[in-house]
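The values are calculated or read from the model by the stated rules, or taken from the named source; none is laboratory data. Computed from a predicted structure; not experimentally measured. A quick note on method: Cβ atoms are made from the backbone with ideal geometry, for glycine too, and the neighbour counts reach across all protein chains shown. Keep in mind that these areas ignore ligands, DNA and RNA; they rest on the heavy atoms of the full protein, side chains included. Shrake-Rupley method; radii C 1.70, N 1.55, O 1.52, S 1.80 Å.
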Amino acid sequence: MKGNITLQKKFKELQQQRQALLATNFYNFETLKGVLQAACSIKKPVILQLTKSSIEYMGLPAAMDLAETMLKFYRVEGWIHLDHGDSYELVAACLDAGFHSVMIDASEKPFEENVAVTKEVVKLAEKYGANVEAELGYVAKLGQSKEKTGFTEPAEAKLFVEETGVNALAIAIGSAHGFYKEEPKLDLERLSEINKITNAALVLHGASGIPHDTLREAIKRGICKINLATEIKNIFMKTLKNKLATENEIDLRKIFPSATDAVTELVKNKLLAIQMEDIIN
Ligand code: 13P
């Protein structure tokens, strides 16, 4: 089910209310079900994200139809989003398939190139009424160095948003994809500064392993979308491994539910942890 309102509009509401949506990556039927059971049980909206690898794994029509059908079945308000789209062509294919939102990630390209491709995507997405997210700065991807830094410069963020017209912007303030060796220190002052001078909905990538208090502080300062992937993969596979190690069962329908339920528990806790009702005023 498409949310009653567009994601662009939802972000505007969230910005006013100082709230954020959880954006969860899914990889198969079970992880999707795990996420939606959580959202359904506590009646919270959610963004369902697919990366290029997940799209290749499931096939674009299957992934899209599954997500759409499951959103309807669980009566969850949700949006289907392309995470880290690396080309105009991939973005176009996802928009054609009906995605509500796309990310074009040209953050490793020079500023001008990032602006140019993002602008093209914004133009295309307008025809579909879809939301566009871009990234500015260095947020380490899986396998990339977490020591290297390249935080988002507030003035550049302002210019980038004005020149491209993106609705949402992923910023580099000290988070990284994958688990952390040490608790990450987010540059919250920088976040506040960026939030003050841009009107884009700000996105925090790399939420796995960030303490809930820090997530809440980030939301208070302007983060509207929190991306969660690694913790989902991790809890699913760990639970599955433990189950397989102790049970000699070949009926996968008896094996998978415990891993699916572990995803539900994790996502439910995250959704509850980022609820901001109690600290809005
Ligand atoms: P984690 O894998 O660290 O949770 O990050 C997810 C993410 O940012 C997806 O874009």
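The table that follows gives values for the structure above.
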read-out	value
Selection status of residue 217, more than 15 Å from the ligand (Cβ to nearest atom), out of contact with any Leu (no Cβ under 8 Å at 6 or more places or on another chain) and of a type outside the set (A, V, I, L, M)	no
Hits in segment 190-209 - residues which are near the ligand (Cβ under 8 Å from one of its atoms) and over 11 Å from residue 169 (Cα atoms)	206, 207, 208, 209
Wholly enclosed helices (runs of 4 or more DSSP H) of segment 21-124 bearing at least 3 residues open to solvent by less than 50 Å² (accessible area, probe 1.4 Å), touching a residue at least 60 places away in the same chain (Cβ under 8 Å) and within 16 Å of the ligand (Cβ to nearest atom)	29-41
Residues within segment 172-189 that are open to solvent by 20 Å² or more (accessible area, probe 1.4 Å) and more than 8 Å from the ligand (Cβ to nearest atom), tallied	10
Residue satisfying condition, being within 26 Å of residue 253 (Cβ to Cβ), of a type outside the set (Asp, Glu) and in contact with a strand residue (DSSP E or B) (Cβ under 8 Å, 6 or more places away or on another chain), within set 11, 26	26
Set 169, 142, 159: member being at pLDDT 95 or above and either open to solvent by 10 Å² or more (accessible area, probe 1.4 Å) or more than 16 Å from the chain's Cα centre (by Cα) (or both)	159
Candidate set from segment 223-246 (those that are over 24 Å from the mean Cα position of the chain (by Cα) and open to solvent by 80 Å² or more (accessible area, probe 1.4 Å)); member that is nearest to the ligand (Cβ to nearest atom)	241
Any hit, segment 2-20, residues being assigned to a strand (DSSP E or B) and more than 16 Å from the ligand (Cβ to nearest atom)	yes
